[in-house]
Amino acid sequence: MAELLKSLFKRIQDGASELGDAIHGDRIERELDHDIRTTDLHLHQARNDAATVKAQRIAREDEVKRAKGSITACEGVIGDLLSRRRSSQARAKAADAILLQDEHAVLQRECKELKDKEAEFTQLIAQLEHKLRRAKHQLGTLRAASGLQRAQAAVAKLQPGPAPYPESAQVSAQRALQRKAKSAPSVKASKPARPRNRKPTASDTDVAIDALIDRLSTHSSAATKRTTRKPK
């Protein structure tokens, strides 16, 4: 009678241990599965954001090229006015050129900010892809270990005597959870702070206009000398 009760008690204890291992393994599996779905969602969003920033960067580069062309055309008009000695009109046109140069500088800064942000998204996507591959590998390892443990336990029950059970899936699951906790966290792409543009003062504008007029006057004078010089 005592042997029968002892055997019954051992079977109940083994069943409770197996149930605890299964519950613990299922919990870790659910956590890994949730981590995979969350990481995949963040990866999808990061790729969409990167595509948007890239489109903005390309559009801003086109604006930079157009602004540069407008500056060149405006300086050509100023040079023509200076060659005809229309200083007042040239100076008024030079003020427009200075405004175009300021707009061109702002567009260049915005273009650089978009390039930096695009690089941050590229780094973030690489980190998320690595995290997703690692989580999928851990989940596959956990499921394989759980399946192997159940198969070994079933075989061990058929052996006579107090056959020791193989290593529990709980141990393998715990190792997988520890590897998951040690994995590097994803980094959020930070938005670069836009530099505050100092509003040019009247004196700054006058200095810029004087410098532009002086530069274009020199070019205009040189061009006039070349055209009026008689061939030998």
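Read the figures in this text as sums done on the coordinates, not as results from a lab. Predicted, not measured: the structure shown is a model, and the values here were computed from it. No Cβ is skipped: glycine too gets one built from the backbone with ideal geometry, and neighbour counts run over all protein chains shown.
Checked against a 27 Å cut-off, the cross-linked pairs Lys68/Lys117; Lys68/Lys115; Lys68/Lys93 all give Cα-Cα distances at or below that limit.
Available extension along the chain between His34 and Lys115 is 25.9 nm, counting 0.36 nm per residue and deducting the alpha carbon span. Per-residue Karplus couplings for region 107-121, computed as 6.51 cos²θ - 1.76 cosθ + 1.60 with θ equal to phi - 60°, are listed in order as 4, 5, 5, 5, 5, 5, 4, 5, 5, 5, 5, 4, 5, 5, 5 Hz, Gly and Pro entered as x. Looking at region 27-126, the trypsin sites (Lys or Arg not before Pro) that sit in a DSSP loop and have at most 12 other Cβ atoms within 10 Å of their own Cβ are Arg84, Arg85.
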